[in-house]
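Here's the structure we're looking at; comments come further down.
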Amino acid sequence: MSARFVWRKVVDLARIHTEKPELIRAQVRSLSRQVPVLYVLLLANASALAYTHYGTAPDWLTVYAVVLLGVCCIWRAYSWTRAGFEINDIDACVWHLRRIRLMAAVFALLFMAWAVAMFRYGDIYQQGHVAYFISITVIGCIFCLVTFPPAALLLVVFVLVPFVVYFGFLDNEVYIAIAVNMALVSLIIVHIITSYYAAFSGLVTSQMDLERQHKTTLELSEQNESLAFLDALTGLANRRAFFAYLDDAVTTAAAQAETQSQQSDSFAVAMIDLDGFKPVNDVYGHPVGDELLIQAGKRLRAILAGDALLARLGGDEFGIILSDYEDATHLITLGRKVCQALNQPYALSSGSVQLSASLGFATYPTVARTSNALFERADFALYHAKKNMPGEAVLFAAHHETMIRHDSQIEQALRNADLSQELSLHYQPVFDVETGDVKSIEALARWDSVLMGPVSPATFFPVAEKTGQVGMLTEILFGRLLREMREWPEHVSVSFNLSARDIVLPNMTKWLIEQIKANGISPERLTFEVTETAFLRDFAAARTSIRYLRSHGARVAMDDFGIGYSSLRYVHELEFDCLKVDRSFVTPLAVTERSRRIVKTIIDMCTNLEIDCVIEGIETQSQRDIVIELGGRLVQGYLFAKPAKRPVLKRLSAILKKQ
Ligand code: C2E
Ligand code: CA
Ligand code: CA
């Protein structure tokens, strides 16, 4: 260890480290407890020395000087008991430390001078007491100041060093021995101060680090907390926040209701769905879909700034909770504004896209009084809007309640039904107008419920889809079809409708093929009709299933073509064998030129793709004539045959030929 190093260390020890405010505070905190003790010790020891010298030494030393020093000690001790209160004021803390450093020097000199003055009086015992007083007092004081080396070291320099020098030069062996001992003790004391102080400042630093870490952890967890309630894409609230807010709104409104006798609607829940978002995502990819959702979020924010809570509930579904409206009419007006804003074209990186947003409202407490019921009814109103008035806002009303009840009755009846008895199939042929032959027969489900009477498949299939019973229906109906087909001539081919759920389940398509083979029927005789709801649900799974069915020789038709999105991508990528043009295009054929052109375009497209095209729902002679004129060949409709219990093939063929 070089002398320079030791010197640097000493200088460092003697410094007040203003650059470490936490260390300064810790020093003041510990000194505010130790320094008053130090002064008490000083006073007690000085009093004891004055007592043994009273009468031997003059009074100005044993009485007046001690009283004066005592007053100084009490004043300083008192000022230190107050230092603890100023711990947050770093300047005050530094000031206190500077003061104690100065005072250490002043008091050391004063007490040393006083003790040395006393040494000149008294006998050998009294002199011994002086030596004892100095050594024991200074060691006590140094330990009181150990957390503040600048002051502790001053005591070493101002007391111990002069003590060793003074007693070392006295012509007395005992004093010389004391001086040597003291020199040794001084060295040990310096060593203890150094190592204790290093441990003390290290402790303060690690405590500071811990606190900083704790603070950072707290800040991070606060940040996480707020992120946990935000939708990362749009910056709106997320599903979790939406439901927390909804629960809160219900609780608050219920508490208010208790204090008010009459209650009007206090808030409304809205559910929004972007019809057509999925095809955008499928066709242009997810980044473009994300752009659209961000823009939709901004439009919502622009219209509903203020009190409303805006949330993205997932996918293309948004939720709103709003209380800032006057009545139901105002609410519907607001809803329309929201839909209109969302229906405007979106400028995206891949070009402009337009879609239609529908909205469903439920109000508290008129429509429902619990979070779940509010959410479900707003969702039902949305479902109703999507189905019957896309692009519009619908407020849940009494007749929706009837519909929900009807749906749940159907659900119950389906659960309790002996479906193998109550379900049956009716058949409606598809004709080839050129040859006059029946091209194929479509199997259509019929349910004659013991509880509810005949229920339309258009009603019970959507319910069965929702409740997950549809797979069971398909199995019963397909089994029935295959049994009946075994009786029919080999050349009769049949269409069977699959629900969206069936087509996205790989097990179901496998089961269908197995059943066909097990019944010894050629798969070429079967066409499976699927609607685009299946592709909207899971495009990849639908494509796999369609490929699987076709790879085993079965045919696949796209049903209800023309309504919904009817994306050309589906026609392009899904390799159908047939398109069935929806009845909604046939009804206005005789009235509008436009629908004629559309049907012609679809027929031509099918011809070019070399796939079949069936025109559904022909009810009148003029519709039939127009379809033939437009190049249509395969037709289906009440005009030719209504769905019937058994396909009376020969009779139907004869009817067609007569027309
Ligand atoms: P879809 O597959 O489009 O079937 C055609 C519907 O139009 C049938 O109604 C049929 O009776 C009716 N229809 C046929 N020609 C005419 C016409 O000239 N005018 C009018 N107004 N209607 C006509 P249905 O049998 O009530 O079936 C309704 C829907 O229920 C079907 O529409 C299909 O989506 C579904 N469905 C029927 N059977 C099944 C089935 O076994 N499985 C599945 N998943 N869905 C089925
Ligand atoms: Ca069909
Ligand atoms: Ca159809």
* Condition test on T251, is it in the same structural domain as L300 (by TED's automatic domain parsing) and either touching a strand residue (DSSP E or B) at 6+ places or on another chain (Cβ under 7 Å) or at pLDDT below 95 (or both)? -> yes
* How do the helices (runs of 4 or more DSSP H) wholly within the range 381-470 filter down when requiring 3 or more residues that are more than 16 Å from ligand 1 (Cβ to nearest atom): which remain? -> 398-416
* Quick check, is R446 open to solvent by 20 Å² or more (accessible area, probe 1.4 Å), more than 30 Å from D625 (Cβ to Cβ), modelled with pLDDT under 95 and of a type outside the set (D, E)? -> no
* **Hits in the range 330-355 (condition: in a strand (DSSP E or B) and surrounded by fewer than 17 Cβ atoms within 10 Å (Cβ to Cβ))** => A347, G351, S352
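Could you look through the range 532-564, keep only residues that are in a loop (DSSP other than H, G, I, E, B) and within 16 Å of ligand 3 (Cβ to nearest atom), and pick out the one that is surrounded by the most Cβ atoms within 10 Å (Cβ to Cβ)?
So, considering only residues that are in a loop (DSSP other than H, G, I, E, B) and within 16 Å of ligand 3 (Cβ to nearest atom), the one surrounded by the most Cβ atoms within 10 Å (Cβ to Cβ) is E532.
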* the range 494-517, residues that are open to solvent by 10 Å² or more (accessible area, probe 1.4 Å), in contact (Cβ under 8 Å) with a residue 12 or more places away in the chain and away from ligand 1 (no atom under 16 Å from the Cβ) -> P506, K510
* Could you please tell me which pairs satisfy a Cβ distance under 6 Å, a separation of 6+ or placement on different chains, a first residue in the range 119-131 that is on the phi > 0 side of the Ramachandran plot, and a second residue that is surrounded by fewer than 20 Cβ atoms within 10 Å (Cβ to Cβ) and among the acidic types (D, E)? => none
* To do: With the checklist (1) closer than 19 Å to K439 by Cα; (2) in contact with a Lys or Arg (Cβ under 7 Å, 6 or more places away or on another chain); (3) more than 14 Å from ligand 1 (Cβ to nearest atom) in hand, flag the one item T527 doesn't pass.
  => (3)
* To do: Please state which one of H400, H426 is of a type outside the set (F, W, Y), surrounded by fewer than 20 Cβ atoms within 10 Å (Cβ to Cβ) and at pLDDT 95 or above.
  => H426
* To do: Considering every residue within the range 281-294, establish whether at least one is surrounded by 14 or more Cβ atoms within 10 Å (Cβ to Cβ) and in a strand (DSSP E or B).
  => no
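Working carefully through the options G631, G637, G617, find the one that is at positive phi, open to solvent by less than 60 Å² (accessible area, probe 1.4 Å) and either of a type in the set (A, V, I, L, M) or more than 14 Å from ligand 1 (Cβ to nearest atom) (or both).
G631
The values are calculated or read from the model by the stated rules, or taken from the named source; none is laboratory data. Keep in mind that this is a model prediction, so the values were computed, not measured. With ideal geometry, Cβ positions are generated from the backbone for all residues, glycine too; neighbour counts draw on all protein chains shown. Just the protein is used for accessible areas: all its heavy atoms, side chains included, with ligands, DNA and RNA removed. Shrake-Rupley method; radii C 1.70, N 1.55, O 1.52, S 1.80 Å.
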